[in-house]
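Since the structure comes first, as structure tokens, the remarks are kept for the end.
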Amino acid sequence: MEIRFDEEAEPRRLQLDSVDPTYTSSGCLAQRICDEIVPALLKQNARSVSATGHCVYHGPNGLRCAVGMLIPSDIDTKEIEATGIENCDTQDFLWAHAPLFYNSPDLGEDEKDYIFNMLERFQDIHDTSSKGADTWLAQLQEVVDEYGLVMPPN
């Protein structure tokens, strides 16, 4: 999308040469989430697991799962550790503690479902990848493509 100011207009007005119809509140938030999760997971290149081998939002040695990347490290995630992103309490926790969520405009239920379905896909890559982190790039690209996002630089 190209943005420019119309020099002839009084007062100056913002002109949009083209507007992507998928550019919605949830679409913007989805891209911002993608921009945060994808490079962080690829850089980490390891699953965040507890001493017992279960995936955790914030794990030992500073490791995080996909959704855990969105939660600041100073936030205690114990109350949601045994729950998935599809759990309403976990979703409420994100709206309360993850800056991308609490700084976002109010979204309707359909838009929230869109975001949490995408997060569930990212989370599944981290939690269930039997082939390890080596396969993450291709799997992350599939999610990015499915949701019409742009793959961030890694």
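Nothing in this text is a laboratory measurement; each read-out follows from the coordinates by a stated rule. Please read these numbers as outputs of a predicted model, since none were measured by experiment. Glycine also receives a Cβ, built like all others from the backbone with ideal geometry; neighbour counts cover every protein chain displayed.
A few comments on the model shown:
- Highest mean packing comes first when the peptides 73-85, 54-66 are listed by Cβ atoms within 10 Å, giving 54-66, 73-85.
- For the range 21-146, size of Cβ-based charge dipole, Lys and Arg +1, Asp and Glu -1, in debye: 580
- Summing Cβ point charges (Lys, Arg +1; Asp, Glu -1) relative to the Cα centre of the range 76-154 gives a dipole of roughly 340 debye.
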